[in-house]
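> Attaching a single structure in structure tokens format; questions to follow.
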Amino acid sequence: MVTNARGGHRHVLDSRSNLLSSFSGEGGEEVSISPDGASVAAVASVDAHGSGELLLFPTAGGKPRLLLRTGEIAELWWSGDSQRLVAETGPTPNTIDRLVVFDVRSGTAQTIATGDVDGIAFAPTGGDVVYGRGANLYIADTTKTAAAPARQITQFASGISAEPIWSAKGIVFSRSPTASRDVFQLWSATVAGGPPRQLTHVAVSHRAPGFVAFIPVAASADGPPPTCDRTPPSPRRWARSPNSP
């Protein structure tokens, strides 16, 4: 486990609360335990300007490995087999402009996407990741030894597609028809790139403006229904079947 400590430090503990390692860092999104429980990926602060190091701690104990040092390192995602790690990074503090995948065994890294990315998710098996960028969704294969072009699976002309998750029948994601980010509905798309389908149709009164968004958080193994969060003005948790009208 990873716990907060005084002075902006983090402690990595084993199952008996024995101290394995310590590092300085902040931000709960910047610590992630691998699915197999063998490693902890964490971002440690290295200077007062916000630059960071991406470190890999073995939960069995021992010194951490340095995977990356750069200006900004944000969210972290593990592949299901714990062999790959994806991080949002940027060359300077407060700048995020690329997705980088790390091979945990070799420590090698390659950029799989550039630009403003809105959420990514690893496929349940294999090395594919889906991510939102601008109006559309893309799938990249992180197992390639050389960076390969990502495959665009939606063809929207405008808006924002974000926070995708995998389901048994494809991808569920959140989408706003405009760049204003005031209303996000739930959509589904196929991995093959077929026509996407809108799942929720919530009307928002212009007399009571506010930010409304359905954000998918989980999908059952046999397909529908995905579970999602609805943000203000009326926070609720919803389940919606992709097979329903």
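The values are calculated or read from the model by the stated rules, or taken from the named source; none is laboratory data. A quick note: this is a predicted structure, and the numbers were derived from the prediction, not measured. No Cβ is skipped: glycine too gets one built from the backbone with ideal geometry, and neighbour counts run over all protein chains shown. What goes into the accessible areas is simple: the full protein's heavy atoms, side chains included, and nothing from ligands, DNA or RNA. Shrake-Rupley method; radii C 1.70, N 1.55, O 1.52, S 1.80 Å.
> Using a 1.4 angstrom probe on heavy atoms only, work out the carbon and sulfur share of the accessible area of the stretch 25-156 in %.
48
> Ranked from the most accessible area to the least, with a 1.4 Å probe and all protein chains present, what is the order of 153, 165?
Largest accessible area first, the list is 165, 153.
> What FRET efficiency do you get for residue 158 and residue 110 if R0 is 30 Å and r is their Cβ-Cβ distance, rounded to the nearest 0.05?
Efficiency computed from Cβ-Cβ geometry: 0.50.
> Work out how much length residue 201 to residue 65 would gain on full extension: take 0.36 nm times their residue separation and subtract the Cα-Cα distance, in nm to one decimal.
Difference between extended and current length: 44.2 nm.
> Sticking with the crude label model, points 7 Å out along Cα→Cβ, report the distance from residue 38 to residue 16 in nm, one decimal please.
Result for the modelled spin labels: 2.2 nm.
> Next question, about the same structure. If each residue of separation counts as 0.36 nm, what is the full-extension length gain between residue 95 and residue 192 once their alpha-carbon separation is subtracted?
Stretched out fully, the residue 95 to residue 192 stretch lengthens by 31.7 nm.
> Can you give the local net charge around residue 126? Use residues other than it whose beta-carbon is closer than 11 angstrom to its beta-carbon, Lys and Arg +1, Asp and Glu -1.
Cβ neighbours under 11 Å give a net charge of -2.
> Simple spin-label model, 7 Å along Cα-to-Cβ: residue 180 to residue 143 in nm?
4.4
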